[in-house]
1. Taking the condition within 14 Å of ASP174 (Cβ to Cβ), in contact with a helix residue (DSSP H, G or I) (Cβ under 8 Å, 6 or more places away or on another chain) and surrounded by 14 or more Cβ atoms within 10 Å (Cβ to Cβ), does LEU220 pass?
2. Just the residues that are part of a helix (DSSP H, G or I) and under 19 Å from THR98 (Cα atoms), please, taken from segment 269-309.
3. Modelled with pLDDT under 85, within 22 Å of GLN69 (Cβ to Cβ) and surrounded by 11 or more Cβ atoms within 10 Å (Cβ to Cβ) - does that describe any residue in segment 344-353?
4. Filter segment 256-284 for residues that are among the aliphatic types (A, V, I, L, M) and either surrounded by 16 or more Cβ atoms within 10 Å (Cβ to Cβ) or modelled with pLDDT under 90 (or both); which is farthest from SER119 (Cα to Cα)?
5. Can you confirm whether ILE318 is in a strand (DSSP E or B) and either at pLDDT below 90 or not hydroxyl-bearing (Ser, Thr, Tyr) (or both)?
6. Within segment 150-158, identify whether any single residue is farther than 30 Å from ALA237 by Cβ, surrounded by 12 or more Cβ atoms within 10 Å (Cβ to Cβ), of a type outside the set (Asp, Glu) and in the same structural domain as ALA229 (by TED's automatic domain parsing), and answer yes or no.
7. How do the pairs read when you match residues in segment 144-170 that are within 21 Å of THR247 (Cβ to Cβ) with residues anywhere that are among the charged types (D, E, K, R) and at pLDDT 85 or above, using Cβ under 6 Å and keeping only pairs 6 or more apart or on different chains?
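The values are calculated or read from the model by the stated rules, or taken from the named source; none is laboratory data. As the structure is a computational prediction, the values presented were derived from the model and not from experiment. Cβ coordinates were reconstructed from backbone atoms using ideal geometry, including for glycine residues, and neighbour counts include every protein chain displayed.
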Amino acid sequence: MLNISNNQINKKIDLTTFKSGQKIFTKKYYKAFNKFLLAAAIIGFITLFLPWTQNITSQGSVTTLTPNQRPQTIQSQIPGRIEEWFVTEGNFVKKGDTILRISEIKSEYFDSRLIERTSNQINAKSFSVAAYERKVAALKRQINALKKEQNLKIKQTKNKLLQSKLKVKSDSIDFEAAKTNILIAKRQYNRTQTLQKEGLKAVKDVEEKRIKLQATQAKLISQENKLLASKNNILNAKLELSRISATYTDKISKAQSDMFTAQSNGFDVKAQVSKLENSRSNYSVRNNLLFITAPQNGFINKAIKGGIGGTFKAGEDIVGIMPEKYDLAVETYVKPIDLPLLHINEKVRVQFDGWPAIVFSGWPNVSYGTYGAKVVAIENFISDNGKYRVLLAPDNTDHTWPKAIRVGSGAKTIALLEDVPIWFELWRQLNSFPPNYYQPKKVKNTSKNK
């Protein structure tokens with residue numbers, strides 16, 4: 001009976017007198033169910049006002065806290081050919097242990113005595129450098145000797161020039177005296193000739209005076225010749241000075257040119273020695289590179305290049321290694337819209353793959369199997385997957401992470417945000433609104449102080 005009519009039959013007729021009414025209205029479990037529904041409605045209503053922690057869930061993976069602790073591959077700096085393996089996959093190696101031996105594949109490095117021959121070339125070039133240095137020293141001594149000789153020659157010629165000048169003065173005086181003597185001789189001759197014409201002197205006296213005049217004239221010519229010779233000596237001395245300067249300048253210039261050539265050759269040989277020493281050092285380092293060693297303590301993960309006799313290029317991955325000691329961390333990715341909600345030292349819950357967990361994302365205190373973490377780094381540039389990378393480190397105030405976790409395993413992260421009522425969270429989820437934007441307490445206090 002739906003009792004939708006104004007004429008209610010149940011008020012006029014006792015339905016319990018009927019057989020069907022007795023079966024329905026006398027059952028107690030319907031009353032208990034009604035009470036249960038009422039209690040459930042009341043509890044559900046109260047639950048709507050319970051606190052709920054807003055969160056951001058994302059998928060991530062286990063990694064290491066510092067880059068030098070992460071799995072790495074070992075490459076060879078030179079191309080080569082695999083000759084011998086000294087380890088197997090899973091072996092533990094210490095830093096510096098030899099992993100494999102390779103050989104050269106370039107023909108210019110096939111010579112087994114390459115370093116020895118290069119050292120011989122360096123020694124020969126070094127002797128050549130020493131020889132050039134001795135030649136430069138000899139040429140310097142030769143130049144100094146030429147300069148000293150030039151100075152002595154110049155002084156000697158200057159003395160000759162001074163002697164010639166003094167000789168010119170002396171001859172000039174003698175020449176002037178000869179001129180005076182010839183004038184006297186002429187006057188004596190003329191006077192004697194006049195006296196002879198007057199009968200006061202004999203012819204003999206006149207002839208003597210003529211002879212004396214002729215001798216005086218001859219002496220004048222001789223003195224003039226001497227004077228001209230002395231002047232010519234001055235010119236010769238000046239010419240000798242010029243010749244000495246030109247000759248020794250030429251000799252010194254040639255010696256200097258030879259010295260500069262020797263110095264240039266010496267510098268060139270020094271450059272060759274330096275180049276050969278560089279090559280020898282490179283060859284020595286290259287020989288050490290024929291043995292691939294472990295960069296740090298760790299475990300051999302996988303031989304990427306296997307077998308014997310296989311060749312590879314420089315920088316090509318050969319073998320993978322996992323460091324012995326590492327600090328675990330979790331890297332996760334969040335959407336750009338959620339990035340402003342995360343801050344350094346923010347609390348995060350982590351669920352690792354392989355570890356059973358009962359997770360209540362909004363009630364982290366009652367979740368089981370999750371571990372505490374905190375944000376230590378937030379990527380400033382978006383990743384290739386269109387999200388931002390966030391690095392999480394273990395929270396020392398929470399439970400210790402399981403020791404059996406391996407790098408690379410999966411993890412689910414739950415970033416804990418603001419506490420809100422459940423009804424508000426349901427309303428937000430139904431309307432697809434983002435979580436409430438908030439700032440850490442330090443940021444809030446700073447903004448208030450400002």
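1. Here the answer is yes, as LEU220 does meet what is asked.
2. SER284, VAL285, ARG286, ASN287, ASN288
3. yes
4. Going through the qualifying residues, I end up with MET259.
5. yes
6. Checking segment 150-158: not a single residue is farther than 30 Å from ALA237 by Cβ, surrounded by 12 or more Cβ atoms within 10 Å (Cβ to Cβ), of a type outside the set (Asp, Glu) and in the same structural domain as ALA229 (by TED's automatic domain parsing).
7. LEU146/LYS251; THR157/GLU240
Matching residues to (1) modelled with pLDDT under 65; (2) closer than 30 Å to ASP338 by Cβ:
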| residue | (1), (2) |
| --- | --- |
| THR17 | no, no |
| GLY21 | no, no |
| THR26 | yes, no |
| ILE42 | no, no |
| THR57 | no, yes |
| GLY60 | no, yes |
